[in-house]
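Peer 1: Structure provided below as structure tokens; questions to follow.
The values are calculated or read from the model by the stated rules, or taken from the named source; none is laboratory data. All values reported here derive from a predicted model rather than from experimental measurement. Neighbour counts are summed over all protein chains in view; Cβ atoms, including those assigned to glycine, are modelled from backbone coordinates with ideal geometry. Side chains are part of the model used for accessible areas, which takes the heavy atoms of the whole protein and leaves out ligands, DNA and RNA. Shrake-Rupley method; radii C 1.70, N 1.55, O 1.52, S 1.80 Å.
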Amino acid sequence: MPEMPEVQGLVDFLGTRASGRTIVKITVANIAALKTYDPPIDALVGTTISGATRRGKFVDLATDAGSHLIFHLAKAGWLRWYDAVPDTVIRPGKTPIALRVRLDDGSGFDLTEAGTKKSLAVYAAREPADVPGIARLGPDPLAPDFTRDTLASLLAGRRTQIKGVLRDQSIVAGIGNAYSDEILHAARMSPYALAASLTDTDVDRLYDAMRTTLTDAVATASGKPPADLKDAKRRGMAVHGRRGEACPVCGAEVRSVFFADNSLEYCPTCQTGGKLLADRRLSRLLK
């Protein structure tokens with residue numbers, strides 16, 4: 001799933017390559033991906049892209065007409081850039097392509113989605129806040145005004161596991177499953193720790209780990225074309241997606257907890273005092 005650093009990488013790329021270019025054609029190949037009808041998606045044709053912005057895990061392409069093309073890549077979506085968009089006809093239902101955008105210099109991009117569960121979402125909007133997911137976003141953890149005290153206030157009183165808090169876009173925007181694993185590993189914190197139970201020292205450590213992990217990942221993604229961003233993400237992971245491998249800090253075996261549609265990874269030595277976390281379906285720690 002693309003998360004903040006990869007989405008920021010896409011935004012930086014689109015800001016350089018698409019800004020100043022006029023949209024000449026938009027083809028919707030998966031009508032279920034289009035979540036808005038007013039304004040119609042065709043209203044963006046003829047407008048010029050004026051800039052690209054990240055809002056949580058949403059990509060926002062603003063136009064000179066004041067309208068916005070906004071998309072969220074969900075779990076299995078991605079952006080495929082072309083210096084010259086193919087002339088092949090897109091056949092709905094026969095392709096992973098959900099949307100194709102052609103620009104006035106012949107370049108453009110496809111939004112694609114793998115798998116059978118389709119969650120990629122595209123919006124034509126007058127204002128970013130018209131998109132419900134954006135309206136619900138919490139503060140961005142890399143914003144200049146996101147301080148240690150901001151994080152502390154978000155955690156206070158929450159009887160919720162810290163893993164879930166970090167993934168909740170209405171609490172903190174942009175962090176997903178992968179980088180919450182990485183942040184908690186860097187903070188040496190159990191994913192099952194309750195947010196309200198964290199001490200001041202815990203919050204200090206979590207804040208530092210959050211800012212450092214995300215800043216480093218954004219720097220790694222910066223300047224890379226979309227085709228290279230996924231591999232860069234995988235190479236940078238310490239525990240996420242590395243079940244059975246050695247923890248790069250202590251050498252212990254990285255472990256997993258499986259859920260219905262995803263998993264979390266952690267190091268027992270670094271994060272849980274050597275205890276193995278039970279599968280969430282058991283809802284307890286192994287003794």
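Peer 1: Based on DSSP H assignment, which helices of the chain show an axial Cα extent of at least 18 Å together with a mean Kyte-Doolittle hydropathy greater than or equal to 0.0?
Peer 2: Flagged H segments are 4-17.
Peer 1: Show that you can apply the helix-only estimate: for the chain, add -39,500 (n - 2.57) for every DSSP H stretch of four or more residues, divide by all residues, and state [θ] at 222 nm to the nearest 500.
Peer 2: So the calculated ellipticity at 222 nm is -8000 deg cm²/dmol.
Peer 1: For residue 130, tell me the accessible area in Å² from a 1.4 Å probe, rounded to the nearest 10.
Peer 2: Answer for residue 130: close to 100 Å² accessible.
Peer 1: For the stretch 32-72, what is the convex hull volume of the alpha-carbon atoms per residue, in Å³?
Peer 2: Once divided by residue count, the hull of the stretch 32-72 is 68 Å³.
Peer 1: How large is the accessible surface of residue 257 in square angstrom, using a 1.4 angstrom probe and rounding to the nearest 10?
Peer 2: 0 Å²
Peer 1: Another question about this same structure. Leaving ligands, DNA and RNA out of it, rank 179, 37 by accessible area with a 1.4 Å probe, largest first. Walk me through the numbers before you get to the answer.
Peer 2: Working: 179 15, 37 190 Å².
Listed by decreasing accessible area, they come as 37, 179.
Peer 1: Of the heavy-atom accessible surface of the stretch 1-148 (probe 1.4 angstrom), what whole percent is carbon and sulfur?
Peer 2: Ligands and nucleic acids excluded, carbon and sulfur reach 52 percent.
Peer 1: What does the highest-first list of 166-173, 2-9 look like by mean Cβ count within 10 Å?
Peer 2: Taking the mean over residues of other Cβ atoms within 10 Å, the ranking is 2-9, 166-173.
Peer 1: Suppose all protein chains stay in the model; what accessible area per residue would a 1.4 Å probe give for the stretch 148-224, in Å²? Please report the intermediate quantities before stating the final value.
Peer 2: Numbers: 3030 Å² over 77 residues.
Roughly 39 Å² per residue, with all protein chains present.
Peer 1: Top to bottom by accessible area (1.4 Å), largest first, where do 182, 127, 245 land? The partial results should precede the final answer.
Peer 2: Values: 182 15, 127 105, 245 80 Å².
Output order, biggest surface exposure first: 127, 245, 182.
Peer 1: Put +1 on the Cβ of each Lys and Arg and -1 on the Cβ of each Asp and Glu in the chain; which of 267, 85, 137 then has its Cα farthest toward the positive end of the dipole?
Peer 2: 267
Peer 1: For the stretch 23-160, with equal point scatterers placed on the C-alpha atoms only and solvent neglected, what are the log10 I(q)/I(0) values from the Debye formula at q = 0.11, 0.16 1/Å, to two decimals?
Peer 2: For the stretch 23-160, the Cα-only Debye profile gives -0.46, -0.86.
Peer 1: Write down the accessible area per residue of the stretch 1-59 in Å², having rolled a 1.4 Å probe over the full set of protein chains.
Peer 2: 41 Å²
Peer 1: I'd like the accessible area for residue 112, computed on protein heavy atoms only with a 1.4 Å probe and all protein chains in place. Round to 10 Å², please.
Peer 2: 20 Å²
Peer 1: Then there's this: Work out how much length residue 204 to residue 234 would gain on full extension: take 0.36 nm times their residue separation and subtract the Cα-Cα distance, in nm to one decimal.
Peer 2: 8.1 nm
Peer 1: Same structure, new question: Using the Cα centre as the reference, give the magnitude of the dipole from point charges on the C-beta atoms of the stretch 1-145 (Lys, Arg: +1; Asp, Glu: -1; all else neutral), rounded to the nearest 20 debye.
Peer 2: 580 debye
Peer 1: Mind scanning 163/224; 94/230; 117/230; 117/275 and naming the pairs with a C-alpha gap bigger than 31 Å?
Peer 2: In this structure, 117/275 exceed 31 Å between Cα atoms.
Peer 1: Cut-off under 13 Å on the C-alpha distance; same-chain residues fewer than 8 positions from residue 25 excluded. Which aspartates and glutamates are left, in chain and number order?
Peer 2: Filter leaves 42, 87, 104, 105, 110.
Peer 1: Evaluate the charge dipole of the chain about its Cα centre and quote only its size in Debye, nearest 20, assuming +1 on the Cβ of each Lys and Arg and -1 on the Cβ of each Asp and Glu.
Peer 2: Dipole magnitude for the chain comes out near 1080 debye.
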